[in-house]
Structures are given as C-alpha cells and as structure tokens.
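Data block below; observations after.
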Amino acid sequence: MNESLEQAREAFVRGIALFGDGQYEPADEAFTQALALAPGRAASCATRGIGY
C-alpha cells in the first residue's frame, strides 16, 4: 500500500473512533484529511456526509 493510502486509512480509522466518542468536529476533520489523501474513496465521502 502506498504511503498516502496508508495515511488516509489511519485518518479514516481515527475519524470513526472520534465519531463514536461523539467528537463530531474532530471526526469531520479526520474524514476531510482522509479524503484529501485519497480523493474519491467512497468510504471517506460517505462517512464525512454522515457527520453532517
């Protein structure tokens, strides 16, 4: 896996954990970071949308 995808995965997992803890703004920031690192990834797009 390339470095950007690994960083995107880590940001995505962090976002899921933050969202589960009710920390919605930091979760959105993590999902936004994941999306910036791996544009177009369906999971990042979908989860970011759930935060709204």
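Every number here is computed from the coordinates shown, using simple stated rules; none is lab data. Everything numeric in this text was worked out from a predicted model, so none of it was measured.
Could you derive backbone 3J(HN,Hα) for region 21-37 from the dihedral phi with the Karplus parameters 6.51, -1.76 and 1.60 (θ = phi - 60°), listing whole Hz in sequence and x where the residue is Gly or Pro?
For region 21-37, the Karplus-derived couplings read 8, x, 9, 6, 5, x, 5, 4, 4, 5, 5, 5, 5, 4, 5, 5, 6 Hz, x marking Gly and Pro.
Which length gain, in nm to one decimal place, applies between residue 2 and residue 21 when the Cα-Cα distance is subtracted from 0.36 nm times their residue separation?
3.9 nm
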